[in-house]
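**Student:** Here it is, the structure in full.
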Amino acid sequence: MEIIEKKENKLVFRAKLNETLANSIRRNINQIPTIAIDEVEISRNNSALYDETIAHRMGLIPLKFDKSLKEGDEKVLKLKVKKPGPVYSGDLKGDVEVVYDKIPITVLNEGKEISIKAIVKQGIGKEHAKFSPGIITYRNESEITMGKEFLEEVRKTFPDAEIKEKGDKIIILDDKSKSLIDFCEGISLKEGKKAEVKDTNNLIISVESFGQLEPKEIFKKSLEILKKDLGKIAKKI
């Protein structure tokens, strides 16, 4: 495996991996336990939004994963705001922390208030999307071969592209953006030529986190769950 891009909530890497296996890992992301607001008790809501809308928005606010919280346990968050203006996720106070404190929940006018008690529980994305920790996607890595006369134009538009020169041709490795293929095919067609595109033996895998867990941990946990499930099948066979 080779890391292509690494950010706080995103990890992109190259790997020689069977597509079937990659898809199985991708699907198991919804088996990873996280925490989310599962129930709300709204005692006062003078905002313009219905109680149901407020509850829906609060359920989708990512919460920092508390490893001490086991299945069946509950934590409490409270939202009590009386001042006019936007009400944000950061106004939630209690047993766990929000990942992002500027997610808008509602807006209050002068003299209005909102008071809510929220129950936090553990769950998995298979049960509800609010428990999903992120997204895993994958695609084939492509190799583009085209005339050397396009070298400077490609470098100018995609300065980070990996380009190799071979005789009167250039070979470009598309490992970051599918738009590179479209660009190369487009400029080739303008000159009445054709760029040759073929897949390599690698997959480009992208793991994006909603903030509850790190991307590396999401991929690792998804893989562990898949191995555990395969072990159960092997025993039954």
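**Student:** Test of understanding: extend the Cα→C-beta vector of LYS232 to 7 Å, then name every residue of segment 128-154 with backbone N under 17 Å from that spot.
**Tutor:** From segment 128-154, the list is 128.
**Student:** Separate question: Lysines within cross-link reach of LYS194: Cα-Cα under 16 Å, excluding same-chain residues under 8 positions apart?
**Tutor:** Answer for LYS194, where 16 Å is the Cα cut-off: LYS148, LYS169, listed by chain and number.
**Student:** Right, next: Using the charge dipole of segment 34-128 (Lys, Arg: +1 at Cβ; Asp, Glu: -1 at Cβ; taken about the Cα centre), state which of SER68, ILE105, GLN122 has its Cα farthest towards the positive end.
**Tutor:** ILE105
**Student:** Using the structure shown, select from LYS67/LYS235; LYS216/LYS236; LYS83/LYS130; LYS64/LYS117; LYS64/LYS93; LYS102/LYS220 the pairs with a Cα to Cα distance greater than 20 angstrom.
**Tutor:** Numbers: LYS67/LYS235 29 Å; LYS216/LYS236 31 Å; LYS83/LYS130 28 Å; LYS64/LYS117 18 Å; LYS64/LYS93 13 Å; LYS102/LYS220 29 Å.
As for pairs spanning more than 20 Å Cα to Cα, those are LYS67/LYS235; LYS216/LYS236; LYS83/LYS130; LYS102/LYS220.
**Student:** A follow-up question, please. On the first, second and third principal axes, largest extent first, how far apart are the outermost C-alpha atoms of segment 92-234 in Å?
**Tutor:** Taking the Cα atoms of segment 92-234, the three principal extents are 69, 59, 20 Å.
**Student:** Nearest 10 degrees, 0 to 90: what angle lies between the long axis of helix 179-190 and the longest principal axis of the chain (Cα atoms)?
**Tutor:** Result, in degrees: 40.
**Student:** Anyone know which of ARG155, ARG14, ARG139 comes out most mobile in the 10 Å Cα GNM of the chain?
**Tutor:** Top of the fluctuation ranking is ARG155.
**Student:** What is the sum of charges around SER188, taking Lys and Arg as +1, Asp and Glu as -1, for the other residues whose C-beta is under 15 Å from the C-beta of SER188? Walk me through the numbers before you get to the answer.
**Tutor:** Details: positive: LYS148, LYS169, LYS190, LYS193, LYS194, LYS198; negative: GLU143, GLU149, GLU152, GLU153, ASP168, ASP174, ASP182, GLU185, GLU191, GLU196.
Local net charge: -4.
**Student:** Distances over 12 Å make up what percent of all Cα-Cα pairs in segment 1-45? Intermediate values should be presented prior to the final figure.
**Tutor:** On the way: 763 of 990 pairs.
Value for segment 1-45 (Cα pairs over 12 Å): 77 percent.
**Student:** With each pseudo-label sitting 7 Å past Cα toward Cβ, what's the ASP101-LEU189 distance in nm, one decimal?
**Tutor:** 5.0
**Student:** On a 21 Å Cα-Cα criterion, which of the cross-link pairs LYS10/LYS227; LYS126/LYS232; LYS78/LYS112 come out too long? Write out the running numbers ahead of the final one.
**Tutor:** On the way: LYS10/LYS227 24 Å; LYS126/LYS232 19 Å; LYS78/LYS112 17 Å.
Cα-Cα > 21 Å for LYS10/LYS227; rest within.
**Student:** What share of all Cα pairs of segment 1-86, in percent, falls into each consecutive 10 Å distance bin?
**Tutor:** Bins of 10 Å from zero give 11, 30, 26, 21, 10, 2 percent of pairs.
**Student:** Would you mind checking the tilt of helix 215-236 against the longest principal axis of the Cα atoms of the chain, expressed as 0 to 90 degrees and rounded to 10?
**Tutor:** That works out to roughly 90 degrees.
**Student:** Using +1 at the Cβ of each Lys and Arg and -1 at the Cβ of each Asp and Glu in the chain, identify which of VAL87, GLY211, PRO33 lies farthest towards the dipole's positive end.
**Tutor:** PRO33
**Student:** Also, I was wondering about something else. Just to confirm a number: summing +1 for Lys and Arg and -1 for Asp and Glu over residues other than SER43 whose beta-carbon lies under 11 angstrom from that of SER43, what do you get?
**Tutor:** Values: positive: ARG44, LYS78, LYS80, LYS117; negative: GLU41, ASP51, GLU113.
Combined, the nearby Lys, Arg, Asp and Glu give +1.
**Student:** When all alpha-carbon pairs of segment 34-128 are counted, what percent fall beyond 15 Å?
**Tutor:** In whole percent, the share of Cα-Cα pairs in segment 34-128 beyond 15 Å is 57.
**Student:** I'd like the Karplus ³J(HN,Hα) series for segment 72-78: coefficients 6.51, -1.76, 1.60, θ = phi - 60°, whole numbers in Hz, and an x wherever there's a Gly or Pro.
**Tutor:** Result, ordered by residue: x, 6, 9, 10, 10, 10, 10 Hz.
**Student:** Excluding ILE61 itself, what net charge comes from residues whose Cβ is under 10 Å from its Cβ, given Lys and Arg +1 and Asp and Glu -1?
**Tutor:** Numbers: positive: ARG57, LYS130; negative: ASP101.
Result for the neighbourhood of ILE61: +1.
No lab work stands behind these numbers, since they all come straight from the coordinates. Just so you know, these numbers come straight off a predicted model, no measurement behind them. Cβ coordinates were reconstructed from backbone atoms using ideal geometry, including for glycine residues, and neighbour counts include every protein chain displayed.
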